[in-house]
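What follows is a set of notes on a single structure, which appears directly below.
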Amino acid sequence: MKHPLKQESVKKPNSYHFVGIGGIGMSAIAQVLKEQGHDVSGSDRNYDKQIAVQIFSKLSSIGITMTPQDGSGINKSTDFVIVSSAIEEENPDIIKARSLNITITKRANLLADMFNNKFGIAIGGTNGKTTVSSMVGYVLDHAGRSPTIIVGGCIKNYLTPRYLGNARVGNSDIVTIEADESDGSIVYYTPKISLITNMSKDHKPIESISKLFETFSQNTQDVLIINSDCPELNKIQFNRNNTKTYGINKKADISASNIVNKPFHSTFDVDGQSFELQIPGLHNVSNALAAISVARSLNIKDNEIAEALYNFRGVQRRMDVVGEYNGIKVIDDFAHNPEKISAAIKAIKLGCKRVIAIFQPHGFFPASFMKEELINAFIQSLSPSDILFMPEIYYIGGSANKEISSADLIFKISKSGRNAFFSEKREDIIPEILKTAKTGDGVLVMGARDNTLTDFCYEILQALQKKSF
């Protein structure tokens, strides 16, 4: 079988076709391969439906060919067809690739091929890994290390009319990536430096995630960095000599002092060096400590790290303020599991008198698997004056078991005394927001997988702007 990247030294470039190229992880790799001189094409259901068109417009602008997801984008000159774990076997592109005997490679395997023969830095963890991997990439870039960056979010510093911001091709041998445990692919990577942000129940039980992280640590060749604030990580016996820790607690190798959390802004000190962040929440102080730990492992000076973190503008859909009108902020966030939800609501409360939360569960299995944890997260995070709206569970197709509804979660949350309301259609929530929103409120939209949630945020903002207060 042909190897996806072994022909890089050959003058003729490889031809890659990505099935589901609009996915945040798929589009990142596609952009890197295109920038490295390969021929890249892709298809996506959303492209066919004309949803999230700006993603495909940017991919097209750098020379990636977009095709319908009907098999027409694949021919005998296609070397590799790349798929994510979400692509079904009966997909027309897969059927066409098999008929032509073209090598089909999973996204994670291709990323491992691109990563494992480089100076790899991999960031894992059930929460925070996108922000930490983005911070790490940006700090290294700012310090002149010129890394190649592949992450699962759009870094605002790298957003341009042509680029999505989730990838950047560097000139050095350093590759920094976000390593995913949800599909088990984190064990494919053999990093020089690895970091684990935390561990909590998400797509898999704690026991399964723990085993994945143990293997990930064993695959690490040089430095392993662990968040010592995470009680679940502290239960794992990482049998390694070169293990470093970071955390808010003072027992960590790298810890913060003089922490000041302000609305959408934080300051803290590490070993006498002052740091300032333009992104909110104590969880982002922890994320910054993680980035500092990686940068110090590469002997980057603290003042350079501090300058980079000050200039780091954050990641799209991570506490992203899309706008404000009449003192009402509209915030877009990727939060989709209990810990992320709690952290997002806590951060919003630093700068808003009241939270109006909209949470769209991201699939029937996760909603069922984390049902009780999600319910408890909202009960514990929301105050009696806050409001929660929940549309029906986001469904992208496939053979999902639909035995659970958002209404089931809302029923239990509302029984606790919280203001929680189910609305089958998302658009029906906007009139309810207009009835209740007032100066000082933060409208927080949360959910994963669905690129149109950002559009929904702008729809809310536009509706507020049209309302007469």
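For Asn101, the conditions (1) in a strand (DSSP E or B); (2) outside the structural domain of Ile305 (by TED's automatic domain parsing) are fulfilled apart from (1).
Across region 188-195, not a single residue is classified as outside the structural domain of Ile375 (by TED's automatic domain parsing), part of a helix (DSSP H, G or I) and crowded, with 24+ Cβ neighbours inside 10 Å. On inspection, Leu277 passes the criterion of being out of contact with any His (no Cβ under 6 Å at 6 or more places or on another chain), modelled with pLDDT of 95 or more and either surrounded by 20 or more Cβ atoms within 10 Å (Cβ to Cβ) or on the phi < 0 side of the Ramachandran plot (or both). The residue that is surrounded by the fewest Cβ atoms within 10 Å (Cβ to Cβ), among those in region 120-146 that are touching a residue at least 24 places away in the same chain (Cβ under 8 Å) and at positive phi, is Ser146.
Assigned by TED's automatic domain parsing to the domain that holds Arg45, crowded, with 24+ Cβ neighbours inside 10 Å and more than 15 Å from Ala167 (Cα to Cα), is that true of Asp93? Show your work before the answer.
On the way: assigned by TED's automatic domain parsing to the domain that holds Arg45: yes; crowded, with 24+ Cβ neighbours inside 10 Å: yes; more than 15 Å from Ala167 (Cα to Cα): yes.
Yes; evaluated as a whole, the condition is true for this residue.
Reported count of residues in region 401-423, each being buried (at least 17 other Cβ atoms within 10 Å of the Cβ), of a type in the set (Ser, Thr, Tyr) and part of a helix (DSSP H, G or I), is 1. The set of residues in region 72-90 being closer than 16 Å to Gly23 by Cα and either outside any strand (DSSP E or B) or free of Cβ contacts under 8 Å to residues at least 12 places away in the same chain (or both) consists of Ser84, Ser85, Ala86, Ile87, Glu88. Criterion applied to Phe216, Phe238 was being of a type outside the set (Ser, Thr, Tyr) and touching a residue at least 60 places away in the same chain (Cβ under 8 Å), and the one residue passing it is Phe216. Answer yes or no as to whether His283 is surrounded by fewer than 20 Cβ atoms within 10 Å (Cβ to Cβ) and not charged (D, E, K, R). Here the answer is no, as His283 does not meet what is asked.
Do you know which of the residues in region 370-382 that are crowded, with 17+ Cβ neighbours inside 10 Å and under 15 Å from Ser405 (Cβ atoms) is modelled with the lowest pLDDT? In this case the residue turns out to be Met370. Quick check on region 59-71: of everything there that is farther than 12 Å from Val40 by Cβ and touching a residue at least 40 places away in the same chain (Cβ under 8 Å), which residue is surrounded by the fewest Cβ atoms within 10 Å (Cβ to Cβ)? Out of the qualifying residues, it is Ser61. Checking each residue in region 27-58 for being assigned to a helix (DSSP H, G or I) and either outside the structural domain of Asn91 (by TED's automatic domain parsing) or surrounded by fewer than 19 Cβ atoms within 10 Å (Cβ to Cβ) (or both) picks out Glu35, Arg45, Asp48, Lys49, Val53, Gln54, Ser57.
The values are calculated or read from the model by the stated rules, or taken from the named source; none is laboratory data. Computed from a prediction, not measured in an experiment: that's the story for all the values here. Virtual Cβ from ideal backbone geometry, glycine too; neighbours counted across all protein chains shown.
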